[in-house]
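Below is one structure, written out as structure tokens; comments come after it.
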Amino acid sequence: MSERTLVEIVTWSADHLELLHQMNAPEMTENLGGPETEAQVAERHERYMRIAGKGTGRMFAVVLLPGREPVGTVGYWDRTWAGAQIYEMGWGILPAYQGRGLATAAVAKTVEHVRKEGARRTIHAFPGAGNPASNAVCRKLGFTLLGECEFEYPPGSWMRCNDWRLEL
């Protein structure tokens, strides 16, 4: 069974709130400003459910096959970067499931989805410069490393990231 057949991406729904709480753990958010409050998690969940309806991207739950266990998130959204409208994408896999190629498989499926949509010419990912696993996902999937940059996330907190771009 190939890596891509190990996971499915499922449009974000009300059923995924518990997954978002699991993704909010300290070990999952240490490079992103730390865990969010309950109110922030609830707002994020609502935003994830609304994003597809706005036509500005889409969020997915990553589910492990064949049991369909939720193991992570992946998504893309509109962003202005270097004067251009792009899609930015991000992902995360729960610690118990990391190191199996699931993020690579989920990101690949998401990129296929974005290509079919045809709304943007490029998609960027901004993993932390010190995050070897997420940078490896970009490298494996043919993203081009444009260099390091300063990135504000969450608002008011700056981090060193790598700017990876994939031509769609």
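Read-outs: derived from the displayed coordinates by stated rules, not from any lab. In this text the structure is predicted, and so the values were computed from the model without any measurement. Cβ: placed from backbone, ideal geometry, glycine included. Neighbour counts: every protein chain shown.
Miscellaneous remarks
- Exposure proxy order (Cβ contacts within 10 Å, fewest to most) of Glu30, Glu150: Glu150, Glu30
- Inter-part distance, region 87-123 to region 133-168, computed on C-alpha centroids, equals 13 Å.
- Distant-in-sequence amide contacts of Val71, defined by a placed amide H-H separation under 5 Å and a gap of 5 or more residues or a different chain, comprise Val62, Val63, Leu64.
- Taking amide H positions as modeled 1.01 Å from N, with prolines and chain starts lacking one, no residue 5 or more places away or on another chain lies under 5 Å from Leu141.
- Dipole of region 3-167 [Lys/Arg +1, Asp/Glu -1 at C-beta], most positive-end residue of Thr11, His113, Leu94: His113
- Positive-pole candidate from Leu168, Ala129, Ala61, dipole of the chain, charges at beta carbon: Leu168
- Entry for the chain at q = 0.12 Å⁻¹: log10 I(q)/I(0) = -0.51, Debye formula applied to identical alpha-carbon scatterers, no solvent contribution.
- Computed label-point distance, nm, for sites Leu146 and Met49 using a 7 Å Cα→Cβ extension: 3.4
- Taking packing as the residue-averaged number of other Cβ atoms within 10 angstrom, the listed peptides 134-146, 153-165 run from highest to lowest as 134-146, 153-165.
- Spatial extent of region 55-148: Rg and Dmax, with the Cα atoms as the point set, Å: 13.3, 43
- Fewest neighbouring Cβ atoms within 10 Å first, the residues Glu88, Glu18 line up as Glu18, Glu88.
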